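Asker: The structure that follows is given in the form of structure tokens.
What follows draws every value from the coordinates through simple rules; no lab data is involved. Owing to the predicted nature of the structure, the values given are computational and were not obtained by experimental measurement. Here the Cβ positions follow ideal geometry from the backbone for every residue, glycine too, while neighbour counts run over all protein chains shown.
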Amino acid sequence: MQRRTIIKGLGAAGAAATLGGCASVGGTASKGRVVVVGGGWGGTTAAKYTRLFSANTVDVTLVEPNRQFVSCPISNLVLGGMRTMADITHSYDGLVRNHGVRLVHDTVTVVDRGRKEVRLAGGQTLKYDKLVLSPGIDFMWDHTPGLQTANAAGQVLHAWRPGAETAALRQQLETMPDGGTYAITIPLAPYRCPPGPYERACTVAAYLRRHKPRSKVLVIDENPDVTSKPGLFKAAWRDLYPNMVEYRPLHRVVSVDGATRTVNFEVHEPVRADVLNVLPAMRAGRLAVDTGLANANDRWCHTHFLTFESTAASDIHVLGDAIQIAPGMPKSGHMANSHAKVAAAAIISMFNGWPVNPHPKLTNVCFSFLDETHAVHIASVHEYNTAERTFRTVAGSGGVSDMRNDLQGIHTWAWAQNIWSDMLT
Amino acid sequence: MTKRRPPTAHALGVGVALALSTLATSAAAASSLDQLRIRALAATCAQCHGTDGRAVPGSAMVGLAGMDRHHLQSQLLAFRAGTRSATIMHQIMRGYSPEQIEAISVYFSQLRP
């Protein structure tokens, strides 16, 4: 009698467990609601991997105003004429079709931390259990008098967010006369994509060498030296573009005159260029700042590195270029993708009441093209340091290329194809 | 004063079932937690080698899904030791412990290509 009852009870428990399992796999029982804001490298990855890692049991809504994803990495090849805007423009449909992400093309106007909801410009309100902000960067126009006006007039572009400015800057290069000067200025680090400005000098020089060989490329840097892969970039300028590329460190931009395309420096003589490409000083994307999350120097967002949860607000996780970086951590698309996977796993653990992984890992690879085919890279692996509560690069790991070669050029394109797919399909 | 009733068969059955159910749930949770950990670790490969090790067809990158476990493990360890030359993988693999490399190799070997 007793025995039979026990077996009966066990049967019931077993059946319940089985049903629970089925419900989880089928995604009918929601474990929580995640709203992801920003469909860039961090946000798309967070949306997809929150679905993947939870076996579709967590509801995910991605809010992004743009109808299509445009890649910042590889956009320097568009400026050099080696690739087109179509090559770096991709659909968000895979996130919806393959992963059941709810996609809302709108802009978040307000994050209500108390009510745990975001309000959209279109009038909709979305409630969340966890909010993931991957807002990218914003430009600190006030730092450089004249720059915002010159940018609005189309006279001085940055093209540091991909899209219309990328195409417009390419057009300026196409109409620049042979014998003209292209100048790019670089703000003090940290800024988005450390090697990006130096790669851009290379891809623009590659275009000019072929089509306008009497032209000059000026790389004007507020930093004391090239901030990433200095030896490899300087060797490329010396070997591939002799008498074309000139590097000038320690130049602090103080103002810009759009009408004459002139940039003024704190100490040095002004420079007038035919195509003037000024990269403004950067900070965390505006929504993060407006939400009160930019608590590092009023520019970047401190996060708890085990979860990427903001130190200023619970249940809001911040990813990508907007965060206050750990030592040796670049502001890169690859790194934002890495942040997102750690955050997605942490959020799912929190929803389930599981301990958060105490040993998360991040990887990063930044490739840079030096001309049409040759590329170099810098790689790193980062692990969480419990005592310091931050990420550190693993001792002995990572490094830069021994030399430039076309194999790394092939790898760069393969990396782009695979990481775009890892985010979007 | 009421006599304390002996536990009924029914009550005992439910109690044991509940205990077993709790055990089963925590075991399932531990297993799911382990799965999450290994998936998150393996996801650090996906930026180059594709989600779940399925590289984009036609891209110049090796897919890892379905690869023989021992082959994959030995190659990753060879990158780590520097006995297999590479452009990047030796730099990446020095960031992983032999135990992590083993776990990654087992994980990818169990996925369909």
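Asker: Using 0.36 nm per residue, how much length does the chain from A:R214 to A:T107 gain when fully extended, once their Cα-Cα distance is taken away?
Answerer: In short, 34.0 nm is gained.
Asker: Continuing with this model, one more query. Mind checking which of A:G396, A:G285, A:N352 is farthest towards the positive end of chain A's charge dipole, using Cβ charges of +1 (Lys, Arg) and -1 (Asp, Glu) about the Cα centre?
Answerer: Value computed over the given set: A:N352.
Asker: Hey, another quick one. Provide a whole-number value for the mean count of partner chain Cβ atoms within 10 Å of the Cβ atoms in peptide A:382-390.
Answerer: Other-chain Cβ atoms within 10 Å of each residue's Cβ, averaged: 1.
Asker: Anything in chain A that counts as a DSSP H helix reaching 18 Å or more along its axis (C-alpha) with Kyte-Doolittle mean of at least 1.0? List them, would you?
Answerer: none
Asker: Okay, next question. Quote the charge dipole size of the range A:41-100 about the Cα centre in Debye, to the nearest 20; the model charges only the Cβ of Lys and Arg (+1) and of Asp and Glu (-1).
Answerer: Taking the Cα centre of the range A:41-100 as origin, the dipole is about 60 debye.
Asker: So if I place +1 on the C-beta of Lys and Arg and -1 on the C-beta of Asp and Glu, and nothing else carries charge, what would the dipole magnitude of the range A:365-425 be about its Cα centre? I want it in debye, nearest 20.
Answerer: Computed charge dipole of the range A:365-425: roughly 240 debye.
Asker: Using alpha-carbon positions, what is the distance between the centroids of the range A:223-291 and the range B:49-74, in Å?
Answerer: 40
Asker: For chain A, divide the Cα radius of gyration by the Kirkwood radius and give the resulting Rg/Rh value with two decimals.
Answerer: Here the Rg-to-Rh quotient is 1.04.
Asker: Additional query: Determine the dipole magnitude for the protein assembly as shown: charges of +1 sit on the beta-carbon of Lys and Arg, -1 on that of Asp and Glu, nothing else is charged, the reference point is the Cα centre, and the result goes in debye to the nearest 20.
Answerer: So the dipole magnitude of the protein assembly as shown works out to roughly 2040 debye.
Asker: In addition: Using per-residue counts of other Cβ atoms within 10 Å, averaged over each peptide, order A:265-276, A:158-169 from highest down.
Answerer: On the way: A:265-276: 15.7, A:158-169: 18.4.
Per-residue mean Cβ counts within 10 Å order the peptides as A:158-169, A:265-276.
Asker: Counting only DSSP beta bridges with both residues in the range A:57-139, what percent are antiparallel, rounded to the nearest 5?
Answerer: Taking every DSSP beta bridge within the range A:57-139, about 75 percent pair in antiparallel fashion.
Asker: Along the range A:73-84, what does the Karplus equation 6.51 cos²θ - 1.76 cosθ + 1.60 (θ = phi - 60°) give for ³J(HN,Hα), rounded to whole Hz, x for Gly and Pro?
Answerer: x, 5, 5, 5, 6, 5, 5, x, x, 7, 9, 10
Asker: Right, here's the next one. Across chain A, how many lysine pairs, 8 or more positions apart or on different chains, have C-alpha atoms separated by under 20 Å? Please give the number.
Answerer: Value for chain A: 17.
Asker: Tell me, what is the percent relative contact order of chain A, built from C-alpha pairs under 8 Å that lie six or more residues apart?
Answerer: Reported relative contact order: 17 percent.
Asker: If you average the alpha carbon positions of the range A:61-85 and of the range A:302-356, how far apart do those two centres end up, in angstrom?
Answerer: 24
Asker: Let me ask another. Where does the charge balance sit around A:R272 when Lys and Arg score +1, Asp and Glu -1, over other residues with C-beta under 14 Å from its C-beta? Walk me through the numbers on the way to the answer.
Answerer: Numbers: positive: A:K216, A:R261; negative: A:D257, A:E269, A:D274.
Every neighbour counted, the sum reads -1.
Asker: So what is the relative contact order of the range A:141-281, in percent, for Cα pairs below 8 Å that sit 6 or more residues apart?
Answerer: Here the relative contact order equals 36 percent.
Asker: Within the set of other residues whose C-beta is less than 11 Å from the C-beta of A:Y92, count the net charge using Lys and Arg as +1 and Asp and Glu as -1.
Answerer: Once positives and negatives cancel, what remains is +1.
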